[in-house]
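Enquirer: I have a structure here, written as structure tokens, and I will follow up with some questions on it.
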Amino acid sequence: MNHETESMNQGRRDFLGAAAGVSAAAVAPGMFLHTPVANAAARTEPVTDMHRWGLLVDTSKCADGCTACVDACDTENGLNLQSKPLGDDKLKWQNQRSTWIRKVKLQDNLTGNVTNLPLMCQHCEHPPCVDVCPTGASFKRADGIVMVDRHTCIGCRYCMMACPYKARSFIHEQVDQKLTRAPRGKGCVESCTFCVHRLDSGDISTACADACSAEGHQALVFGDLKDPTGPLRQALAKAPSRQIRQDLGLNTGVRYTGL
Amino acid sequence: MATVMMKGVLLASLVATFGMGVVAQAEEVGDYVLPSSKAASLENCVEPTEYMRRNHFELIRHQRDQTVYGGIRGSDHGISGCVSCHVGYDDKGAPVEIDGKGQFCQSCHEYAAVELNCFDCHATVPTGEAWNHEVAAAHAHLPGAAKTGPTSAER
Ligand code: SF4
Ligand code: SF4
């Protein structure tokens, strides 16, 4: 099914596993990565394909005009620290400003029914952005998170063209204010990372899902697609869901109900 | 060729300066640790000082791949560790940008004439630090945290 990507990752996993030595074996049999947050600590072993992180969006709960997830994402990842370059056109800046989540409003012209949904990187199992990247900077982590290695990204923006979801942004301007947890700089492409810095510290949560819950909408459930007893799989089992542009066969990690 | 030799001489003098270990020479060439930084109060860096002078970038570069691809953020060889320990503080106790004039990273890189571009992307003062276990534990009590209680779908 996914021989190409999986086998590519395999080489790296083997390598990292070897480098990590004996203790790598301890992670595999147990399920202790699911333990509560009190035990959370920064990880010392490389991520594995034991998990695949995903998100379920219940569009029926997503409120019109609410931007809680977008705002939380901005704060979490330092996107709120961007400022419009002097003399730049306002509209141009709105289009160029880095955005990881877009609120999209769909209207069925026949029935007039309106659907709201947040659209971010769908963390495809077969990501077109990774296929086209000439440097290997665009990559999929073993746990399914698609990211940009900003150290090798040359800013060619092929991935932006390849992504069917318009999920990626290019950083046009020098970044003056940066956060330790989310480094970002001019000349690179970036997109949603599923708050990877949280996951890597053992906290299974994302800023967007937290903010949505705090707002009382509870339209977002984040979790492990490979854990049948986890919150995400339980929520997925309860209602029919679909992928946006399912026809492309990308097997996205982000799923939508009520579409 | 001449430059290579020059570099050799410079390095030799750096090592020599340190090797003497005389406190009075702390301000001399080769010691860029700021008195106001946390590093000043420590015996040595995460590895022996001579090793760090020559090889810190090997460590940072290795760690960078471990972090980006493997998600390992707890190591003390990461650049955020360098910044949090070596950043200097002004009179009011506010951290000073580490790539600023006279600051730890910048001053040595200027002396060695090596371009410093880590901080095009990385934070120059400890701010919005990594999501560590303390932050995560505090976070578990926030209303929005889905981790320990029932998930949003089940409530
Ligand atoms: S949604 Fe776009 S950026 Fe995200 S993995 Fe798929 S193709 Fe890549
Ligand atoms: S912009 Fe960067 S990540 Fe995207 S395709 Fe080009 S090199 Fe790869």
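Enquirer: Going by how many other Cβ atoms sit within 10 Å of their own, how do A:126, B:122 line up, fewest first? Walk me through the intermediate numbers first.
Expert: Numbers: A:126 16, B:122 22.
Starting with the residue having the fewest Cβ neighbours, the order is A:126, B:122.
Enquirer: OK, next. Any idea what the dipole of the range B:37-125 comes to, in debye rounded to 20, about its Cα centre with Lys/Arg Cβ at +1 and Asp/Glu Cβ at -1? Please list the in-between numbers first.
Expert: Numbers: 8 positive and 13 negative charges, 29 e Å.
With Lys and Arg at +1 and Asp and Glu at -1, about 140 debye.
Enquirer: For residue A:90 and residue A:152, what is the calculated FRET efficiency with R₀ set at 41 Å and r taken between the beta-carbons, to the nearest 0.05?
Expert: Working: r = 33 Å, r/R0 = 0.82.
Step by step, r from the Cβ atoms, then E = 0.75.
Enquirer: How charged is the neighbourhood of residue A:257? Take every other residue with its Cβ under 14 Å from the Cβ of residue A:257, and add Lys/Arg as +1 and Asp/Glu as -1. Intermediate results must be reported in sequence, preceding the final value.
Expert: On the way: positive: A:61, A:233, A:238, A:242, A:255; negative: A:58.
Once positives and negatives cancel, what remains is +4.
Enquirer: Compute the Kirkwood hydrodynamic radius of the range A:138-259, taking the inverse of the mean of 1/r over all pairs of distinct Cα atoms, and give it in Å to one decimal.
Expert: Working: mean 1/r = 0.0611 Å⁻¹.
Averaging 1/r across every pair of different Cα atoms and inverting gives 16.4 Å.
Enquirer: Exposure proxy check: A:166, A:61 ranked by fewest other beta carbons within 10 Å? Don't skip to the answer; put the middle values down first.
Expert: Working: A:166 13, A:61 17.
Result, fewest neighbours first: A:166, A:61.
Enquirer: Extension gain residue B:91-residue B:43, at 0.36 nm per residue separation less the Cα-Cα distance, in nm?
Expert: Values: separation 48, 0.36 × 48 = 17.28 nm, distance 2.39 nm.
Taking residue B:91 through residue B:43 to full extension adds about 14.9 nm, to one decimal.
Enquirer: Taking the square root of 5 times each eigenvalue of the Cα gyration tensor, what semi-axes in Å does the equivalent ellipsoid of the range B:37-125 have, largest first?
Expert: Details: eigenvalues 84, 45, 43 Å².
The equivalent ellipsoid of the range B:37-125 has semi-axes of 21, 15, 15 Å.
Enquirer: Moving on to the next point. Taking square-rooted eigenvalues a ≥ b ≥ c of the alpha carbon gyration tensor, is the range A:184-228 rounded, prolate or oblate, where a/c under 1.5 means rounded and, failing that, a/b exceeding b/c means prolate?
Expert: Working: a/c = 2.28, a/b = 1.46, b/c = 1.56.
It is oblate, given that a/c is not under 1.5 and a/b is not larger than b/c.
Enquirer: Round to the nearest 0.05 the FRET efficiency obtained for residue A:49 and residue B:61 when R0 = 35 Å and r is the Cβ-Cβ distance. Kindly include the intermediate steps, with their values, before the conclusion.
Expert: Values: r = 26 Å, r/R0 = 0.73.
Working from the Cβ atoms, E equals 0.85.
Enquirer: Using a 10 Å cut-off around each Cβ of peptide B:121-127, what is the average number of partner chain Cβ atoms that fall inside? Show your work: numbers first, answer last.
Expert: Numbers: counts 12, 7, 9, 4, 3, 2, 7.
If you average over the peptide's residues, the count of other-chain Cβ atoms is 6.
Enquirer: Next up: Taking the Cβ of each residue in B:107, A:191 as the centre, tally the other Cβ atoms inside 10 Å and list the residues starting with the fewest.
Expert: Details: B:107 15, A:191 25.
Going from sparsest to densest Cβ surroundings: B:107, A:191.
Enquirer: Let a ≥ b ≥ c be the square roots of the eigenvalues of the Cα gyration tensor of the range A:36-188; is it rounded (a/c under 1.5), or, if not, prolate (a/b larger than b/c) or oblate?
Expert: On the way: a/c = 1.41, a/b = 1.11, b/c = 1.27.
Verdict is rounded for the range A:36-188.
Enquirer: Using the Cβ atoms and a cut-off under 15 Å, what net charge is assigned to the surroundings of residue A:94, where Lys and Arg are +1 and Asp and Glu are -1?
Expert: On the way: positive: A:84, A:90, A:92, A:97, A:102, A:103, A:166; negative: A:74, A:88, A:89, A:173.
Net local charge, residue A:94 excluded: +3.
Enquirer: Follow-up question, since we're still on this one. Using the Cβ atoms and a cut-off under 13 Å, what net charge is assigned to the surroundings of residue B:67, where Lys and Arg are +1 and Asp and Glu are -1? Walk me through the intermediate numbers first.
Expert: Numbers: positive: A:43, A:141, A:150, A:181, B:61, B:64, B:73; negative: A:45, A:149, A:200, B:65, B:76.
Within the 13 Å Cβ shell, the charges total +2.
Taken together, the values in this text are just the output of simple stated rules run on the coordinates, not laboratory data. Quick caveat: nothing in here was measured; it's all calculated off a predicted structure. Because the Cβ atoms are built from the backbone with ideal geometry, glycine has one as well, and the counts that use them run over all protein chains shown.
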